[in-house]
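See below for the structure under consideration.
Read-outs: derived from the displayed coordinates by stated rules, not from any lab. Since the model is a prediction, treat every value here as computed from it, not as a measurement. Because the Cβ atoms are built from the backbone with ideal geometry, glycine has one as well, and the counts that use them run over all protein chains shown.
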2 protein chains.
Amino acid sequence: MTSRKFKPEWTEKAPEPGTYRAITKYGDPNHFKHPSDAWVKMMQQEFHMSDADFSAKRNEGNEKVILNRPPALKSEQIETLASIVGKANIELDDYSRVKYASGKTTEEMLELRHGIIREVADVAIHPRDKDDVQKIVEYCRQERIPITVFSAGSSVNFGCRPAKGGVSLVISTHMNKLLEVNELNQTARVQPGMLGPAYEEALNKAPEKFGSKLRYTCGHFPQSFEYSTVGGWIVTLGSGQASTYYGDAYDIVFSQEYVTPVGTFKTLDFPATATGPKINDIMKGSEGAFGILVEVTMKIFRYMPENRARFSFMYPTWEAAVNASREIMQSEFGKPAIYRISDPEETDRGLKLYGMPDIADKFLVMKGFKPMQRCLCMGNVEGDRDYTGLVKSKIKSIANKHGAISLGGYAVKKWEKTRYTEPYMREDLEDYGILIDTLEAAVTWDNLHRLHDGVRAYIKSRPETMCMTHASHFYPQGTNLYFIFIIKMDDPEEFRKFQRGIIDSIQKHGGSLSHHHGVGRMIGPWMEKHLGKEQMEVLRTLKKHFDPNNIMNPGGQLGLD
Amino acid sequence: MTSRKFKPEWTEKAPEPGTYRAITKYGDPNHFKHPSDAWVKMMQQEFHMSDADFSAKRNEGNEKVILNRPPALKSEQIETLASIVGKANIELDDYSRVKYASGKTTEEMLELRHGIIREVADVAIHPRDKDDVQKIVEYCRQERIPITVFSAGSSVNFGCRPAKGGVSLVISTHMNKLLEVNELNQTARVQPGMLGPAYEEALNKAPEKFGSKLRYTCGHFPQSFEYSTVGGWIVTLGSGQASTYYGDAYDIVFSQEYVTPVGTFKTLDFPATATGPKINDIMKGSEGAFGILVEVTMKIFRYMPENRARFSFMYPTWEAAVNASREIMQSEFGKPAIYRISDPEETDRGLKLYGMPDIADKFLVMKGFKPMQRCLCMGNVEGDRDYTGLVKSKIKSIANKHGAISLGGYAVKKWEKTRYTEPYMREDLEDYGILIDTLEAAVTWDNLHRLHDGVRAYIKSRPETMCMTHASHFYPQGTNLYFIFIIKMDDPEEFRKFQRGIIDSIQKHGGSLSHHHGVGRMIGPWMEKHLGKEQMEVLRTLKKHFDPNNIMNPGGQLGLD
């Protein structure tokens, strides 16, 4: 039924402009990363799929987007908005309205492939600068027109969905420049719509572009790096893959400027201050519900890739990997930058998918590193050269103490090459009815196993369901768990039910509702239970203060309404 | 006129119970640290004081406190409050009412020595636990009775002053236990009224007291360590002397439980979370104006004093010291724990006061380290042994590059011994009409010299005024400046005018209003200008949410009313 030679006919063509697929496809329309033969083999085995099952694509979304919903805004309102930003910067066509209403939530993508369109805005507007934003917010405040910000659209929780219509405000089109590198303070002033790669490149080239003495790095590299923006990182509380050293988005913000319906303000530029609750921190994570981030000063770091020290280890068990990682994070010799441990299922699938030779596998088994017990760990250390050497050697010695075997730096280098491209496989798999999705949570060390066991048990209780888990952001007090599940399913309703069950299970087992994906509309309904009524009321009070008429990203964002 | 043999007759007796002096005296009533001969010589020279001037003490505050203000609360109210906490835990006498209305603000101390009593509460109440606090807050909410928290009373900005009367709620009397050490999470659950030394000792002895494997440290050592509480550190945003490594109080809080007029809640226990603006952070720095901190989970650290690496350097100039310090903080080889640089005036006075031998001075001058140019730097490194060695050697090499000469670890050891006892000298000096006070600010690197020059110029514009400045809390983006001024003055009104001028000068020259002293009532009037109207309104909105009837520390705290 299956043959080794068989290769599915993956789509190798950019989506036709104006189609659903042009919206759902991840990243560069002309870039593809197809599942390897090992991937196909795994799918066929797990889901009992024949070659024939990989021959007929379904719900590709190649149809033109047709909305058939005339804008609810009055024509005078549209004209006034156009007069603010200029005619070239306002779009009313069906495709734009749907595109800027969509993130990259699995459910969203699945529905779009079925031609299901949820709420959209009436117009998409591309402000040229913060003055435009201010005028738009002021006008929308007067006219009670909802505004939902679209930045790069990598949200995985309906964060960009204009639940109440109105305006999709597209920040990344024009407001995407690095304005200043302050070498004394080691800060960069940047517009919120700047994409990760452009920001990082400008910092790396600071001597050429800004006349600085040194090169800098932003220190923030989420998997969505290529299709996420600096502002998006902050307002959704993202974390980069090297956050264990550089900190989460929360930590690397120095000051921010917001436009809100009750006024525009810039938070203070101090490295620390004891002048009451910090407005700079109150705004982080506000997900467009309080106001619009229009400029930000970020902390930056010296760019010293030549000093990077890479490592990888195989641990005999998940428990050993967790214990060693905790010891590493609490030992006070410094911190690694990237640091990840994979649970047994992720480890074994990873070894197969990335082609570990049979002989290496046999060697590992002989040494006592057994399938579905052993766990891969990998990472790197960044910073000063002697520091990276010290931290790496300390990590190695703790790993050895916990029974790990060193696998060298090769696995990390290989991982680094594909770290941003994994999401490209999604279209290919969905073409054959397979969904990959992820949910994640923060957790303290003392609750890690309960959360891992509990959520994994829920996911695996569904037949033919793969579940790979890793921890990838570490703190002395705990880490995150990142659950990746792969299922053969193409009914949006069935998906919704299963996926919401995972969120329930995370909450039930004491994980936070999100470590770095944010809340959006998807997690919103769990927020009150998560925070408790008293704390939820604090967020609602702030919302009411900044946005008394509920025009900023209204309709469920953060669970506020 | 002055003679080498002369020694002022310092007070060597604990203040009489019930006197003003029993309130104003710092720390242990039976402990004294008198100014050295070198101190007296310096005072005599600077202020042109004769031995006779050091013979007649003034305004010692040895009189009994007499208030003559009957409580404004009704007797039923007092009875109800007494029934909540028990009769033994409520005090109505004049002395207690004044004592628990006072912090350690210089102006406050000066006024009390003159017998001037400002606002006091009607009763002082000592809650036994968080249930008592909840009942008191609920009753006071119903009856509109103001509550001002007194913890250990080390406030230097009228933070404990019950500006609207009502209740002084004394948290440190009973709510002062370490409840739990969670070794897996490296956290400690503690009651807010626990004093620094008891908390640190319990953590150091965690194996004996809590059965942990390792010993721990709190990592937070402000100068007020011996007379400040864990809760006080958090609600005023304090910083310890080792904050450059361990972080400010803001950073070392894991979660908190608050009793507010609109409900009691505990913030989430996660090492990080992307679920909207963080309530845990919103509460920090609220200075008793939102609610009462009743329990806190703190991050703790491994206690490894055996690994400490100490260093001190003399830099040729302030600029060299600042430049080297910036390079150290931005070089990414790790961070020192204690790290301080003294400006030229502080350096030279320090050398004289702590008795540098003449020959050493001559050697320094010969080497080009000239008086009123040279600057002392000192500190230590904590953590893993190899880490402390690495960081120390890196600091040394950067210091050398900037022209510093190493003075070894001796100065630090000497400083460590007296780090908490400096405030004891205050009484002695005030007995002879000399005031020492401090104001401090956070600042970015690019504004450091402007702030230092500007504020120093203002202070020095007053004749016969000493001004010593250091930076003692460092970040990659900047540091703090700590201005110590010594003046011969005993008129409270004159003092107030001069001191408020310094705050004006800090604001004018772009410093934050406080790096770690907090706001209280003293800095309150500057807050709106500091934050701007829009951001001040955010604080007022939060205040109104938590405390709609304005009973929590009302009357100017944080500049809220």
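Using the Cα gyration tensor of the range A:440-561, with a ≥ b ≥ c the square roots of its eigenvalues, what is the shape: rounded (a/c below 1.5), prolate (a/b larger than b/c) or oblate (neither)? In terms of gyration-tensor shape, oblate. In the protein assembly as shown, helices alone account for a calculated mean residue ellipticity at 222 nm of -10000 deg cm²/dmol, with every DSSP H run of four or more residues adding -39,500 (n - 2.57). Taking GluC sites (Glu not before Pro) across the range B:420-492, the ones in a DSSP loop with at most 15 further Cβ atoms lying within 10 angstrom of their Cβ are B:Glu464. For a label point 7 Å from the Cα of A:Glu327 along Cα→C-beta, name the residues of the range A:387-405 whose backbone N is under 20 Å from it. Counting backbone N atoms under 20 Å from the label point, the list is A:389-405. For B:Ala457 and A:Glu9, a Förster radius of 56 Å and the Cβ-Cβ distance give a FRET efficiency of 0.15, rounded to the nearest 0.05. Each other copy holds its own label point for B:Asp129; taking that point as 7 Å from Cα along Cα to Cβ, the gaps run 6.2 nm, nearest first.
Spin-label model, A:Ser83/B:Lys177: points 7 Å from Cα along the beta carbon direction are separated by 7.0 nm.
Annotation: Cα Rg of the range A:3-135 relative to the compact-globule expectation 2.2 N^0.38 Å equals 1.40. Inter-copy label distances at A:Gly86, using a point 7 Å along Cα-to-Cβ, come to 7.6 nm with the shortest given first.
Can you check how the C-alpha radius of gyration of the range A:381-524 compares to 2.2 N^0.38 Å, as a plain ratio?
Taking the Cα Rg and dividing by 2.2 N^0.38 Å, one obtains 1.23.
Placing a pseudo-label 7 Å from each Cα along the Cα-to-Cβ vector at B:Lys396 and B:Arg215 gives an inter-label distance of 2.5 nm.
A protection proxy built from the mean count of other Cβ atoms within 10 Å ranks the segments B:94-104, B:208-218, A:13-23, most packed first, as B:94-104, A:13-23, B:208-218. On a C-alpha basis, how far is the centre of the range B:305-336 from the centre of the range A:1-50 in Å? Whole number, if you could? Computed from Cα coordinates, the inter-centre distance equals 55 Å.
For peptide A:33-40, the mean count of partner chain Cβ atoms within 10 Å of a residue's Cβ comes to 0. For the range A:403-458, how big is Rg over Rh, using alpha carbon atoms and the Kirkwood form of Rh? When Rh is taken as the Kirkwood radius, the ratio is 1.09. Each listed q (0.13 Å⁻¹) maps to a log10 I(q)/I(0) for the range A:75-173 from the Debye sum over equal C-alpha point scatterers, namely -0.42. Given the range B:305-419 reduced to its alpha-carbon atoms as identical point scatterers, what log10 I(q)/I(0) does the Debye formula return at q = 0.09, 0.13, 0.19 Å⁻¹? Each listed q maps to, in turn, -0.22, -0.46, -0.97. Applying 1/(1 + (r/R0)^6) with R0 = 41 Å to the Cβ-Cβ distance of B:His449 and B:Asp386 gives a FRET efficiency near 0.70.
Taking every alpha-carbon pair under 8 Å whose residues sit at least 6 apart, the range A:178-302 reaches a relative contact order of 30 percent.
Percent of C-alpha pairs per 20 Å bin in chain A, short distances first: 20, 55, 24, 1. Converting phi to 3J(HN,Hα) with the Karplus coefficients 6.51, -1.76 and 1.60 and the offset θ = phi - 60°, the range B:456-461 yields 4, 4, 4, 5, 6, 5 Hz in sequence order, with x at every glycine or proline. Modelled label positions at A:Asp94 and A:Glu63, each set 7 Å beyond Cα in the direction of Cβ, lie 0.9 nm from each other. Phi angles of the range A:189-200 translate, via the Karplus equation with coefficients 6.51, -1.76, 1.60 and θ = phi - 60°, into HN-Hα couplings of 9, 9, 7, x, x, 6, 6, x, x, 5, 5, 5 Hz per residue; Gly and Pro are given as x. Specify whether the C-alpha gyration tensor of the range B:215-256 places it in the rounded, prolate or oblate class, a ≥ b ≥ c being the square roots of the eigenvalues: rounded for a/c under 1.5, otherwise prolate if a/b is larger than b/c and oblate if not. Rounded is the answer for the range B:215-256, as its axis ratio a/c remains below 1.5.
Histogrammed with a bin width of 10 Å, the alpha carbon distances of the protein assembly as shown distribute as 2, 10, 18, 22, 20, 14, 8, 4, 2, 0, 0, 0 percent, first bin at zero.
Taking the empirical scaling 2.2 N^0.38 Å for compact globular proteins as reference, the range A:178-302 has a Cα radius of gyration ratio of 1.01.
Quick one: compute the contact order of chain A, relative version, from alpha carbon pairs under 8 angstrom and 6+ residues apart, as a percent. Averaging sequence separation for qualifying contacts and normalising by length gives 16 percent for chain A. Length available on full extension from B:Lys352 to B:Asp37: 0.36 nm per residue minus the Cα-Cα distance, which gives 112.3 nm. Summary for B:Ala56: label point 7 Å along Cα→Cβ; distances to the equivalent points in the other copies, ascending, 11.0 nm. Residues in the range A:403-415 carry Karplus couplings, in order, of x, 7, 10, 7, 10, x, x, 4, 4, 5, 4, 5, 4 Hz; the curve used is 6.51 cos²θ - 1.76 cosθ + 1.60 with θ = phi - 60°, and Gly or Pro positions show x.
Over all other residues within a Cβ to Cβ distance under 12 Å of A:Tyr420, the charged ones net out to -2, with Lys and Arg as +1 and Asp and Glu as -1. Applying 1/(1 + (r/R0)^6) with r as the Cβ-Cβ distance of B:Arg419 and A:Glu119 and R0 = 60 angstrom yields a FRET efficiency of 0.50.
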